[in-house]
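Engineer: The following block contains the structure, expressed as structure tokens.
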Amino acid sequence: MRWTPVAIIPLAALAGAPVTVCAATKVFLSVEQAQQAMFPGQALKQSPVFLTEAQSDAMRSASSVRHPFRGDRVWQTSDGGWFVVDEVLGKHEMITYAVGINSDGSLRQIEVLEYRESYGYQVAEPIWRQQFVGKTAASTLKLGEDIKNISGATLSCKHLTDGVKRVMVMHQLALRGAVGR
Amino acid sequence: MDAEVSRCRPLLGTFVEISVRSGSQPHERVAAAVSSAFAAIAKVQQLMSFHERGSDLGRINRLSAGECISVHPWTWEVLNLAKDIHQASDGRFDCGVGWRLAEWGLLPGRDCCSDRDSISTSQTALHMLDENLVRAGAPVCLDLGGIAKGYAVDRAVDVLRTVGIQDAIVNAGGDIRVLGAERPIHLRHPADASVLWYVGTLADGAIATSSPAFSTRYLDSGQRVCGLVDPMTYEPITQCRSYSVVAADCATADALTKVLAAGAPSDSCVFRRYGARTVVVQ
């Protein structure tokens, strides 16, 4: 273990100091990369799905996810599996994720593709940088870089779980049995 | 710079990120190792979930007084570490407070535990016998949420190390372990999740953080509760602070954050015993 803390700042100073950072978008996988990761070596064919109002209602009541589902991000694999991309709003962030579904309808894999912290204030860069000149706590922050290693404040993944439920209901209602479309 | 393989999946009730700098290893091999590391985390979740009746923890929580069962070696290891830290911290760590969290509605209801009336309020009612065997002196309602997440991170790092990966980071909702070269570490501010603090760099070690700030809720009675229980009083720890501990492994760091939150001073010998360092932000 090698821990190199920054010069420790008194608690009172911590409370008042204006050192803020807007964590940037984290991209884990592109759609194509996620397809290859979940269904290696398989050809995927984009198969847009058009949902009836009744189907949309059923998906909403089963998952409590309210924003509209985009049916154009659905792909079918050569062996009858499915690959679906969707988004949910987390607590403070938009999360784009992919769900892989096996040909028997079971859940194959979930991958987060993109995770956007949307805390609102994007401080104009030069001003932001100026603010911290010479401040120990900020000296190694690099603007424009992902801030990845954040310890604390467990972000709930409940909304993502709801989103996956919605995708599985959508599969059941609209995709299952829809082979060779 | 080496290529980096980064993946994120929903596990342990949070987002788990694994990033590996692949060095000279082929991409496919690294990607497979990352998948195996996620599988280890899923395995810990399956064994130690409070919500699953069939998990090791679910079985333990339904033991009658005097009953004895065999558990997975990983579960046994976590319980044994919990016992060790409970003793070293004079009871400031106690995973026997699941009943309290259930009362507050932060964990699901009563069918997860045995008979409420005879339940022990402390983990000490569970006795560690020989390897992989445990016996309930009295019924217990354990919640391993304060230690198993860190343990899962350790198992993932083990998987990566076993296949020869030397530079990686695993982050399970703020419980972080770094394998190899140093990485910058940030903390969220307990009063405002959009504020991040750069607190230092960490190499070959773990940091975990607990804060009541993000799990606070109000009961119908108006009482303010949160996911952190003070095991001495069974009251919620409601100070708006975050408690971080740096240690060699993540299970220890995770459990020691509860000791810190429950009021152990940063210079107390429990932290020295585990070679741990503390960071409190308010």
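The values are calculated or read from the model by the stated rules, or taken from the named source; none is laboratory data. Every value quoted in this text rests on a predicted model; they were computed, and no experiment measured them. We place every Cβ from the backbone using ideal geometry, glycine too, and count neighbours over all the protein chains shown.
Engineer: Being crowded, with 24+ Cβ neighbours inside 10 Å and of a type in the set (G, A, S) is the filter; apply it to the stretch B:162-184 and report the residue that is farthest from the other protein chains (Cβ to nearest Cβ).
Structural biologist: Taking the candidates together, the pick is B:A168.
Engineer: While we're here: Within the stretch A:34-66, how many residues turn out to be surrounded by fewer than 16 Cβ atoms within 10 Å (Cβ to Cβ), in a helix (DSSP H, G or I) and within 14 Å of chain B (Cβ to nearest Cβ)?
Structural biologist: Total meeting the criteria: 1.
Engineer: Would you be able to tell me the number of residues in the stretch B:216-242 that are within 11 Å of B:P190 (Cα to Cα) and surrounded by 18 or more Cβ atoms within 10 Å (Cβ to Cβ)?
Structural biologist: Count: 2.
Engineer: Only one of (1) in contact with a strand residue (DSSP E or B) (Cβ under 7 Å, 6 or more places away or on another chain); (2) in contact (Cβ under 8 Å) with a residue 12 or more places away in the chain; (3) more than 12 Å from chain A (Cβ to nearest Cβ) is not met by B:V159, so which one is it?
Structural biologist: (1)
Engineer: Right, here's the next one. Looking only at the stretch B:7-30, which residues are buried (at least 18 other Cβ atoms within 10 Å of the Cβ) and over 15 Å from the mean Cα position of the chain (by Cα)?
Structural biologist: B:R7, B:C8, B:R9, B:P10, B:E17, B:I18, B:S19, B:V20, B:R21, B:S22, B:Q25, B:V30
Engineer: Quick one: is B:L47 over 21 Å from B:V157 (Cβ atoms), of a type outside the set (S, T, Y), modelled with pLDDT of 90 or more and not in a strand (DSSP E or B)?
Structural biologist: no
Engineer: Okay, moving on. For the stretch B:232-253, check the following and say yes or no: at least one residue is over 22 Å from B:C95 (Cβ atoms) and more than 14 Å from chain A (Cβ to nearest Cβ).
Structural biologist: no
Engineer: Restricting to the stretch A:59-114, what's the tally of residues that are in contact with a helix residue (DSSP H, G or I) (Cβ under 7 Å, 6 or more places away or on another chain) and among the polar types (S, T, N, Q)?
Structural biologist: 3
Engineer: Under 9 Å by Cβ, and 6 or more places apart or on different chains, what pairs join a residue from the stretch B:31-60 that is free of Cβ contacts under 8 Å to residues at least 24 places away in the same chain with one that is hydroxyl-bearing (S, T, Y) and in a helix (DSSP H, G or I)?
Structural biologist: B:S55/B:T75; B:D56/B:T75
Engineer: Looking at the structure I just gave you, is B:L63 over 22 Å from B:V245 (Cα atoms) and out of contact with any helix residue (DSSP H, G or I) (no Cβ under 9 Å at 6 or more places or on another chain)? So that I can check it myself, show each step before the final result.
Structural biologist: Working: over 22 Å from B:V245 (Cα atoms): yes; out of contact with any helix residue (DSSP H, G or I) (no Cβ under 9 Å at 6 or more places or on another chain): yes.
Yes, satisfied.
Engineer: Another one. When B:V157 is evaluated against the numbered criteria (1) under 14 Å from the mean Cα position of the chain (by Cα); (2) assigned to a helix (DSSP H, G or I); (3) of a type in the set (A, V, I, L, M), which criterion, by number, is the only one it fails?
Structural biologist: Just one mismatch for B:V157, condition (1).
Engineer: B:Y274 passes all but one of (1) closer than 15 Å to B:L187 by Cβ; (2) within 12 Å of another protein chain (Cβ to nearest Cβ); (3) surrounded by 16 or more Cβ atoms within 10 Å (Cβ to Cβ); which number fails?
Structural biologist: Going through the list (1) closer than 15 Å to B:L187 by Cβ; (2) within 12 Å of another protein chain (Cβ to nearest Cβ); (3) surrounded by 16 or more Cβ atoms within 10 Å (Cβ to Cβ), B:Y274 breaks only (1).
Engineer: Can you tell me how many residues in the stretch A:144-170 are within 11 Å of chain B (Cβ to nearest Cβ) and at pLDDT below 80?
Structural biologist: Here the count works out to 14.
Engineer: Still on this structure: Within the bounds of the stretch B:185-195, is there any residue that is out of contact with any Gly (no Cβ under 7 Å at 6 or more places or on another chain), away from chain A (no Cβ under 12 Å), surrounded by fewer than 18 Cβ atoms within 10 Å (Cβ to Cβ) and over 22 Å from B:I18 (Cβ atoms)? Show your work before the answer.
Structural biologist: Of the stretch B:185-195, the ones out of contact with any Gly (no Cβ under 7 Å at 6 or more places or on another chain) are B:186, B:189-195.
Checking which are away from chain A (no Cβ under 12 Å) leaves us with none.
There is no residue in the stretch B:185-195 that is out of contact with any Gly (no Cβ under 7 Å at 6 or more places or on another chain), away from chain A (no Cβ under 12 Å), surrounded by fewer than 18 Cβ atoms within 10 Å (Cβ to Cβ) and over 22 Å from B:I18 (Cβ atoms).
Engineer: Another question about this same structure. Quick check: anything in the stretch A:70-77 in a strand (DSSP E or B), under 18 Å from the mean Cα position of the chain (by Cα), more than 20 Å from A:F39 (Cβ to Cβ) and modelled with pLDDT of 90 or more? Break it down stepwise before answering.
Structural biologist: Looking only at the stretch A:70-77, we keep the residues that are in a strand (DSSP E or B), and these are A:74-77.
Still in the list and also under 18 Å from the mean Cα position of the chain (by Cα): A:74.
In the following step, the residues that additionally are more than 20 Å from A:F39 (Cβ to Cβ) were identified as none.
No, the stretch A:70-77 contains no residue that is in a strand (DSSP E or B), under 18 Å from the mean Cα position of the chain (by Cα), more than 20 Å from A:F39 (Cβ to Cβ) and modelled with pLDDT of 90 or more.
Engineer: Return yes when B:E103 is of a type in the set (D, E, K, R), farther than 28 Å from B:R217 by Cβ and not assigned by TED's automatic domain parsing to the domain that holds B:Y151 and no when it is not. Outline the logic, then answer.
Structural biologist: On the way: of a type in the set (D, E, K, R): yes; farther than 28 Å from B:R217 by Cβ: no; not assigned by TED's automatic domain parsing to the domain that holds B:Y151: yes.
The answer is no for B:E103.
Engineer: Which of the strands (runs of 3 or more DSSP E) found entirely inside the stretch B:169-282 contain at least 1 residues meeting this: farther than 14 Å from B:G150 by Cβ? Break it down into steps so the answer makes sense when it comes.
Structural biologist: Numbers: elements: B:175-179, B:183-189, B:192-203, B:205-210, B:242-247, B:277-281.
Where strands (runs of 3 or more DSSP E) fall fully within the stretch B:169-282 and carry at least 1 residues being farther than 14 Å from B:G150 by Cβ, they are B:175-179, B:183-189, B:192-203, B:242-247, B:277-281.
Engineer: Find all pairs meeting these conditions: Cβ atoms under 7 angstrom apart; at least six residues apart or on different chains; first residue within the stretch B:2-26 and outside any strand (DSSP E or B); second residue at pLDDT 90 or above and charged (D, E, K, R).
Structural biologist: B:D2/B:R21; B:L12/B:K149; B:G23/B:D167
Engineer: Mind checking which residues of the stretch B:197-212 are hydrophobic (A, V, I, L, M, F, W, C) and more than 7 Å from every other protein chain (Cβ to nearest Cβ)?
Structural biologist: Taking the stretch B:197-212 as the starting set, the residues that turn out to be hydrophobic (A, V, I, L, M, F, W, C) are B:197, B:199, B:202-203, B:206-208.
Of everything in the stretch B:197-212, just one residue is hydrophobic (A, V, I, L, M, F, W, C) and more than 7 Å from every other protein chain (Cβ to nearest Cβ), namely B:A206.
Engineer: Please go through the stretch B:183-225 and give me each residue that is touching a residue at least 40 places away in the same chain (Cβ under 8 Å) and farther than 19 Å from B:A253 by Cβ, ordered by number.
Structural biologist: The answer is B:H189, B:A191, B:R217, B:L219, B:V225.
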